[in-house]
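Written out below as structure tokens is the structure these notes cover.
The values are calculated or read from the model by the stated rules, or taken from the named source; none is laboratory data. All figures in this text were calculated on a predicted structure; none of them were measured in a lab. Quick reminder, even Gly has a Cβ in these numbers, built from the backbone with ideal geometry, and neighbours come from all protein chains shown. The protein model used for the area step is the full one, side chains on, heavy atoms only, and it has no ligands, DNA or RNA in it. Shrake-Rupley method; radii C 1.70, N 1.55, O 1.52, S 1.80 Å.
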Amino acid sequence: MSDLICWSCVQRNGIILAEAGSDDGTTRIIKAAQKITKMKPTAGWEMSRSFSLRSSSTSNPYRGIKFHLHEAVGEDSDGNPSNDIQIWAFCCVYNINECSEETAKAFLTKLVFVTEPLRGLPWWQEGGTLSAQPSFAPTLQQQMENVEQISKIAMMQQHVDETKAIMQTNIENILERGERIEDLQEEANSLNKAAKVFKKKAKKVRRFKMMQDAKHGVVVGTAIAGVVGVVVIPPLIALL
């Protein structure tokens, strides 16, 4: 187990696709991992803070942190990004006595880019719990171990630049989805109003048609009676 990053995973819509790491025998890492994976998604970073309020770094040095990536799923019939959003979460538990928060963030930022070519694979897109474990867990473990060998300054600068861009995209996707929902609501309201107007006009047209039919029925009835007299009566006369 790495002394810096103790555990990490990749989630899709709350489903853990792959994870690596181990507990220290006290279940503190497990509890920190469970807590951070269950936290609701945001437009960027999410951190578990309860441990820092209740216990010192000596008694419980483990903290959870995760980063969210909001991606549009497919396109609509017009070729625009779909309203459906896939939420990826990159989580880890780190030891604050050995690893800074910025280094943990840099580690997760790197995972975002390491998994980019993989996230389109079927078992990443649609697979269940641990569907990517056989193929990605070894890579995840290697990335955790490499944290100690990578320049912390370089990692931190990289993650600051890259996560700013990702978070901006997340916000735009969330806002755009909200705008589309509002547009659809407005369109639905307009259609509802148009339907009411149409129904009202249709009722008037139907009433008018019924009146016309009623009048027409009187005329037709009289005409038919006359025709019947012309058609039926002559043969009767001929047979006399």
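Observations on the model:
- Extension gain, residue 135 back to residue 171 (0.36 nm per residue minus Cα-Cα distance, nm): 9.9 nm
- Environment charge of residue 112, counting only residues whose C-beta is closer than 12 Å and scoring Lys/Arg +1, Asp/Glu -1: +1
- Largest accessible area first, the listed residues 126, 172, 101 line up as 126, 172, 101 when surface is computed with a 1.4 Å probe on the assembled protein chains.
- In terms of distances greater than 20 angstrom between alpha carbons, the cross-link table entries 40/105; 38/105; 35/105; 38/164 yield 38/164.
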